[in-house]
Amino acid sequence: MMTMSQGSSDLRALRLSRETPAHTSSGYAMLLVVLLAVVAIGGGLAVTASGARLLGVLIMATSLLIGLFVLGGFYFLQPNQAAAILLFGDYRGTDRTAGLRWCLPWLTRTKISTRVHNVTSERLKVNDLRGNPIEIASNVVFRVTDTAQALYDVDDYNKFVFVQIESAVRAIGARYPYDDIEHQETTLRGNADVVSEELKAELQDRVAVAGITIDECRLTHLAYAQEIAQAMLRRQQAEAVIAARQKLVTGAVTMVESALQMLSEKQVVELDDERRAAMVSNLMVVLCSERDTQPVVNTGTLYQ
């Protein structure tokens, strides 16, 4: 069984690559060398024509070799683009300077974009904290910040990030309930900002091995799965009705209590228990009824 120290050692072995600046040169200075080589070839032709054929051929051959050598080291870099330099498979640094660049011809250049990438995941079916199947998707904005890790610590950093996005979305989706009618829990629907920040932190931890920085995460789709969508809609409607009824009853009781207290304090009328009960009943019917109530005029007394 692998121990904790062995696992940490293996993880560190995967993160040996670290970006370092490469020792490269501006291509414009080396372009001057190519022009001088061309001039030297022309001079060699002139020397050959003057009769010193061997010297002329030597000058042209040397100039041609120098020119070809220099030409083999040119490469271009666009803004927000980098080139990882390898010497026979050994990482020698990364060049991030845009423009015409030059390095020794036997050095291998692998270009990589450091621009912002925007990825929208597919709609995934996940069981939330309460076991309800939901559909969830997210949009992730990321960029490469360590080119050495992105190129040499993972096989394909784009595919790696996409798979980790799916894994992180599934993990976050199962960590919270879809909704909470009582608003006492953090939910996917009601706390989108909190969930997005946690998704960002979860995903950042997963893709750090690839030298990736997550700039933003946002949920782009959130809904119950089709097979339970209608049932959950009816449940939400029932919960909303119950919540509304509870608030309505609470408010009615408060109003009735206030009315009885004011009548008693101002001595408008003396109410015995039976009259008090009748007034409470009438007020509750008026306040809690869904339809307009019709007044009933009592021409007798309460006890008749």
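Observations on the model:
- For the stretch 66-185, the Kirkwood estimate of the hydrodynamic radius, built from every pair of different alpha carbons, is 17.6 Å.
- Cβ charges +1 (Lys, Arg) and -1 (Asp, Glu), total dipole of the stretch 97-142, debye: 300
- Taking a point 7 Å from the Cα of ARG143 along the Cα-to-Cβ direction, the residues of the stretch 65-92 with backbone N closer than 13 Å to it are 79-82.
- Ellipsoid semi-axes for the stretch 129-203, based on the Cα gyration tensor and the rule √(5λ), read 30, 12, 8 Å when sorted largest first.
- A cut-off of 5 Å between modelled amide H atoms, ignoring neighbours fewer than 5 places along the same chain, links ASN127 with ILE134.
- Surface/4 of the Cα convex hull for the stretch 35-106, nm²: 5.7
- Phi-based couplings in Hz for the stretch 94-107 (Karplus 6.51, -1.76, 1.60; Gly and Pro marked x): 10, 9, 10, 7, 6, x, 7, 10, 8, 9, 4, x, 7, 8
- For peptides 122-133, 206-217, sequence by mean Cβ density within 10 Å, most packed first: 206-217, 122-133
- Fully extended contour minus Cα-Cα distance, from GLU257 to ARG189, at 0.36 nm per residue: 20.7 nm
- Surface accessible to a 1.4 Å probe, per residue, for the residues of the stretch 120-209, Å²: 48
- Carbon and sulfur %, accessible surface of the stretch 71-170 computed with the full protein complex present, 1.4 Å: 50
The values are calculated or read from the model by the stated rules, or taken from the named source; none is laboratory data. Since the structure is predicted, the reported quantities are computational estimates derived from the model, not experimental observations. Backbone-built Cβ (ideal geometry, glycine too); neighbour counts: all protein chains shown. Quick note on the areas: whole protein, heavy atoms, side chains included, nothing else; ligands and nucleic acids left out. Shrake-Rupley method; radii C 1.70, N 1.55, O 1.52, S 1.80 Å.
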